[in-house]
Every structure is written in C-alpha cells, then in structure tokens.
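Here's the structure, in structure tokens; my notes come after.
The values are calculated or read from the model by the stated rules, or taken from the named source; none is laboratory data. All values reported here derive from a predicted model rather than from experimental measurement. Cβ sites come from the backbone with ideal geometry, for glycine too, and all protein chains shown count toward neighbours. These accessible areas exclude ligands, DNA and RNA; they are computed on the full protein's heavy atoms, side chains included. Shrake-Rupley method; radii C 1.70, N 1.55, O 1.52, S 1.80 Å.
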Amino acid sequence: GPVVVVRQRQAANARERDRTQSVNTAFTALRTLIPTEPVDRKLSKIETLRLASSYIAHLANVLLLGDAADDGQPCFRAAGGAKSAVPAASDGGRQPRSICTFCLSNQRKGGGRRDLAGSCLKVRGVASLRGSRR
C-alpha cells in the first residue's frame, strides 16, 4: 500500500543522494589536478570538464614534441605541424591555430621548455607524483 510506496521513494532518494555525493567527490578530485589561475579558483562542473580535456591535449602535445618545443608552447607549435593532439577538422584539414590556455599561462610567466614540465606538475600537490615514478 501507501507505506511501501513511501519506503521505496525514501530508498530511491537515498540512492540519488549517494550518487550525487559520488559525482561531486569525483569533480572535487578532478579539480585538484587541473592548473588554474588563481590556484584557489573554484571551477564549475562544465569548466572542469572542458579544462580537463584541454589539459589532457596539452600534456599529450608536451609528450609528443619533447625537446622540439623550446619556447614552452607545444600546443601552438603542434597545431601547425603533423604531430599534434589537436584534432583534425571534419574536412581533413587542421582546425584554426589557437594558443592553448596552459601554453598561454606559461608564456605569460615567461617560461620556456625548461619550466613547462615543472609547471604542469606543480599543481596542488601533484609535483610529488613526479618524483615517485620510476
């Protein structure tokens, strides 16, 4: 009867609260891995997803280009080259060149290639991961 329906609704509400809490915890963890300026800026969920995607592409370009990006802007240089994590346009050509947020930040700080890897990993405690890898 009605008592069963109320209990089912309460159970469904509890499951939804748990699911929401789990999603929010995952976003909080993801936010700690994305470099932001200022460092304590709270990102919305959509900003977190967009910046995470951009940061992954940026790090892929850092890995692809290695020492070729002496100016600390691997994404800008890769956008015009063959090796790039920047996706191709649907017509087979490259998308218009743009400066990646993370390269732009590095450029504003006056960093070159030497500073790039360190700045990517000095994000809210992630620097310690770099030293522990073998």
Could you check how much of the accessible area of region 10-52 is carbon and sulfur, as a whole percent, using a 1.4 Å probe?
59
Starting from 0.36 nm per residue, how many nanometres of slack lie between T32 and R15 once their C-alpha separation is accounted for?
3.5 nm
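Rounded to the nearest 0.05, what FRET efficiency do L43 and Q107 give with R0 = 22 Å and r taken as the Cβ-Cβ distance? Could you check?
The formula returns an efficiency of 0.55 here.
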Taking θ as phi - 60°, what are the ³J(HN,Hα) couplings along region 32-39 by the Karplus curve (6.51, -1.76, 1.60), each to the nearest whole Hz, with x for Gly and Pro?
6, 9, 9, x, 10, 10, x, 4
